[in-house]
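The values are calculated or read from the model by the stated rules, or taken from the named source; none is laboratory data. Small disclaimer: the values here were computed from a predicted structure and weren't measured. Here the Cβ is made from the backbone with ideal geometry for all residues, glycine too, and neighbour counts use every protein chain on show. Note: accessible area is taken over every heavy atom of the protein model, side chains too, but ligands, DNA and RNA are not part of it. Shrake-Rupley method; radii C 1.70, N 1.55, O 1.52, S 1.80 Å.
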Amino acid sequence: HTTNVFAPVFTVDHTQVLGSCTSCHNGVSAVGQNTNHFSTPKQCDVCHMTVSWTPADYTHTTLPYEPQDHRGNLPCTACHQTNTEFVNFRNAAFKPDCAACHSNDYKSGPHKKSENPDTLYTVSELRDCTGACHVYTNSTMTTILKRRNGPEHRISGGGF
């Protein structure tokens, strides 16, 4: 407030505010969410900071990766295509593994399972690309011919 008028409010010291953001930012008392804002029941401070509103930053706790480390700093809408918290996986049978989104990108050729007979891994067997896969000497899969456990398929490895 200014010393001359009570409204409109020009400056608010957010460090002194008690309660949730939406108790004031409800579209009546103070500006609320934009109409095109990501739809979520979470409070603003889960993604935003009062000292620096942008960029928004959210840490996922339910997935085996953090999208910001996902080789390209993905925007929220890359996975949340309905602009909500819901993720529409391309192949939901594989969620939450890599194949839930990337099964269409899988190429069996470089994923050899055994030498004799010559067999290949399926996308289902390698649904979590960050795990180790081995080439075995034969179809009994008892003797490993070649170990593959490097960083090639780590989210931050860039080896895809």
In what order, largest first, do Phe86, Phe94 sit by accessible area if the probe radius is 1.4 Å? Phe86, Phe94
Stretchable slack from Tyr58 to His134, in nm (0.36 nm times residue separation minus alpha-carbon distance): 23.8 nm
Tell me, what is the 1.4 Å probe accessible area of His102, in Å² to the nearest 10? 80 Å²
To the nearest Å, what is the center-to-center distance of region 81-114 and region 4-53, using C-alpha atoms only? 37 Å
Computed lengthening from Ser108 to Asn36, 0.36 nm per intervening residue step minus Cα-Cα distance: 21.9 nm
Loop-only trypsin sites (Lys or Arg not before Pro) in region 91-136, please: DSSP not H, G, I, E or B, and at most 12 other Cβ atoms within 10 Å. Lys107
Taking amide hydrogens as modeled 1.01 Å from N in the peptide plane, which residues meet the under 5 Å criterion relative to Thr119, leaving out close sequence neighbours? Lys113, Ser114
